Amino acid sequence: DQQVKQNSPSLSVQEGRISILNCDYTNSMFDYFLWYKKYPAEGPTFLISISSIKDKNEDGRFTVFLNKSAKHLSLHIVPSQPGDSAVYFCAASKYNQGGKLIFGQGTELSVKP
Amino acid sequence: SAVISQKPSRDICQRGTSLTIQCQVDSQVTMMFWYRQQPGQSLTLIATANQGSEATYESGFVIDKFPISRPNLTFSTLTVSNMSPEDSSIYLCSVSRDSTYEQYFGPGTRLTVT
C-alpha cells in the first residue's frame with residue numbers, strides 16, 4: 001500500500017524556467033509534509049516542509065503548496081538551476097507516529113542549461 | 001541541521017555474513033532512525049533507535065535480522081545479519097533534534113551482498 005505517491009519518475013526543465021514536482025497521498029491523517037533532495041552517493045537533504053494547517057510555504061526559490069481536499073502537494077522551484085538536478089522525494093508524517101516518515105518513490109529532475 | 005557520518009561508506013559482503021554500520025552525530029539528538037533504500041525504490045524506515053532501550057521496529061523488520069544499538073544520544077549502530085543478496089541496499093541513518101518532524105540524513109552506506 002503506497003501511501004505517498006510520486007507518479008512522475010522524471011522531469012526535464014530548461015534552466016531559468018519553473019520546475020513543478022507533484023506528490024499525492026492517500027492517508028488523510030498525515031499532518032506534516034516534507035521535501036528532500038538527493039544527489040547520487042549522498043543522503044537526502046531536507047529542503048522544505050509544510051504543516052497541514054497551511055496551504056503554502058515559501059523559502060527562497062522553493063515553494064510547497066498543499067491541497068488537502070485533493071490530498072496533493074507540489075514543490076515549485078523558480079528559477080530552476082542546473083545544480084537543482086537531483087532526485088526529489090516527498091515524505092509525510094502523522095503526529096502520533098513518533099516521527100516516522102513515509103516517502104514517495106522520488107522524481108528525478110534534470111535542469112538543462 | 002546536524003553533521004552526520006556513517007561508516008563504512010560502502011562494502012561488498014558475502015552471503016551469510018554480518019555487517020555493522022555506524023552512525024555518529026556531532027551533537028546530541030532526540031531521535032535516531034535507520035532507513036533502507038533498495039535499488040530503484042524509495043526509502044523505507046527499518047526502526048527507531050531508542051537510547052538505552054530496545055529499538056522500535058517497523059512491520060516487516062525484526063531484531064534478529066537488524067539488531068540496533070544506541071548507547072548514547074550521538075551514536076547508533078545497525079547490524080545486517082546473515083546477509084543475502086536481497087539485503088543489497090543503501091542504509092541510511094537519520095536524526096531529529098526535537099519533537100519537530102524534520103529529519104536529517106547521513107550520507108548512507110551502500111551494501112552489496114554477493
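Only the coordinates and a few stated rules stand behind these numbers; no lab work does. Since this is a predicted model, take the numbers as computed values, not measurements. All Cβ positions, glycine included, derive from the backbone under ideal geometry; neighbour counts span all protein chains shown.
The calculated pair-distance distribution of the stretch A:71-113 uses every alpha carbon pair, bins of 10 angstrom beginning at 0, and gives 24, 42, 25, 9, 1 percent.
Taking 28 Å as the cut-off for C-alpha to C-alpha distance, list the pairs among A:Lys38/A:Lys112; A:Lys112/B:Lys7; A:Lys71/B:Lys7; A:Lys5/B:Lys7; A:Lys68/A:Lys112 that go past it. Checking Cα-Cα distances, A:Lys112/B:Lys7; A:Lys71/B:Lys7; A:Lys5/B:Lys7; A:Lys68/A:Lys112 exceed 28 Å. For the protein assembly as shown, B:Cys13 stand unpaired, since no other cysteine beta carbon lies under 4.7 Å from theirs. The dipole here belongs to chain A: it is taken about the Cα centre, uses +1 on the Cβ of Lys and Arg and -1 on the Cβ of Asp and Glu, and is about 140 debye. Summarising the label geometry, the points placed 7 Å from Cα in the beta-carbon direction at A:Glu108 and B:Thr112 lie 1.8 nm from one another. P(r) of chain A in 10 Å steps, Cα pairs, percent per bin? In order of increasing distance, the bins hold 15, 49, 30, 6, 0 percent. On the beta carbon distance between A:Thr45 and B:Asn82, with R0 = 35 Å, the FRET formula returns roughly 0.60. Tell me which of A:Tyr95, A:Ser10, A:Trp35 sits at the most positive position along the dipole axis of the protein assembly as shown, charges placed on C-beta atoms (Lys, Arg +1; Asp, Glu -1). Most positive-ward Cα: A:Ser10. Other residues within the sphere of radius under 15 Å centred on the Cβ of B:Thr44, judged by their own Cβ, net out at +1 (K and R +1, D and E -1).
In the stretch B:1-92 the Cα-Cα distances spread across 5 Å bins starting at 0 as 3, 14, 25, 27, 20, 9, 3, 0 percent of all pairs. If the elastic network links every pair of Cα atoms under 10 Å, which of A:Ala91, A:Ala70, A:Ala41 fluctuates the most in the Gaussian network model of chain A? Top of the fluctuation ranking is A:Ala41.
When only alpha carbons of the protein assembly as shown are considered, Rg and Dmax amount to 17.6, 51 Å. Bridgeable lysines around B:Lys65 (alpha carbons under 18 Å apart, same-chain partners fewer than 8 residues away excluded) are absent.
Entry note, chain A: relative contact order of 37 percent, from Cα contacts under 8 Å with a spacing of 6+ residues. For chain B, a simple Cβ point-charge model (Lys and Arg +1, Asp and Glu -1, everything else neutral) yields a dipole of about 240 debye relative to the Cα centre. Here the spin labels are modelled as points 7 Å beyond Cα on the Cα-Cβ line, and at B:Ser53 and A:Lys5 they lie 3.7 nm apart.
For B:Asn72 and B:Arg10, a Förster radius of 30 Å and the Cβ-Cβ distance give a FRET efficiency of 0.70, rounded to the nearest 0.05.
Other residues with beta-carbon under 13 Å from the beta-carbon of B:Thr74 carry, at +1 per Lys or Arg and -1 per Asp or Glu, a net charge of +1. Placing unit charges on the Cβ atoms only, positive for Lys and Arg and negative for Asp and Glu, gives the protein assembly as shown a dipole magnitude near 180 debye about its Cα centre. Along the axis of the charge dipole computed for chain B (Cβ charges of +1 for Lys and Arg, -1 for Asp and Glu, origin at the Cα centre), the listed residues B:Gln22, B:Ser59, B:Thr114 are led at the positive end by B:Thr114.
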